[in-house]
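The values are calculated or read from the model by the stated rules, or taken from the named source; none is laboratory data. Just so it is clear, the model here is predicted, and its values are computed rather than measured. Reconstructed Cβ throughout: ideal geometry from the backbone, glycine too, with neighbour counts over all protein chains shown.
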Amino acid sequence: MTILRGSMTWLALLVVPSFALLYQTLAYAAVPHACAMQTSLVVHALSLAALLGCLAPTLLAAYEWHRLRADAAASQTPDDDAALPVVRQRFLAVAATGVGALFTLVVAAQWFAAWVLSPCFQ
């Protein structure tokens, strides 16, 4: 179970930025097809899939962060200032949540641009 919990953090930390970059590449490649077909449905479908694909690991990392924060608050003593593994795990969960939120926001901003601009705009 510990391996599964740790992978939730790493998914948001490593996979979400890669997924956002993959989305940008695929959306860029789909624009000529969308312009030729005079519909931007393909771009919007890619955007929705990328947004959900970025949001899910980010929410899992946020859940892990809150779980670790609650565990640390319950077991912390006043003279407990060492860098325990749970402190490092909590830091990684916070970093993963921030990175995931940032790249989810990037995907949402790119989707907004796809809504505003025509695929044939040059």
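Hey, does region 59-66 have a residue that's at pLDDT below 90 and of a type in the set (D, E, K, R)?
no
Before we move on, is F103 within 30 Å of Q38 (Cβ to Cβ), at pLDDT 90 or above and either in a helix (DSSP H, G or I) or touching a helix residue (DSSP H, G or I) at 6+ places or on another chain (Cβ under 6 Å) (or both)? Quick ask: steps written out before the conclusion?
On the way: within 30 Å of Q38 (Cβ to Cβ): no; at pLDDT 90 or above: yes; either in a helix (DSSP H, G or I) or touching a helix residue (DSSP H, G or I) at 6+ places or on another chain (Cβ under 6 Å) (or both): yes.
Against the criterion (within 30 Å of Q38 (Cβ to Cβ), at pLDDT 90 or above and either in a helix (DSSP H, G or I) or touching a helix residue (DSSP H, G or I) at 6+ places or on another chain (Cβ under 6 Å) (or both)), F103 does not qualify.
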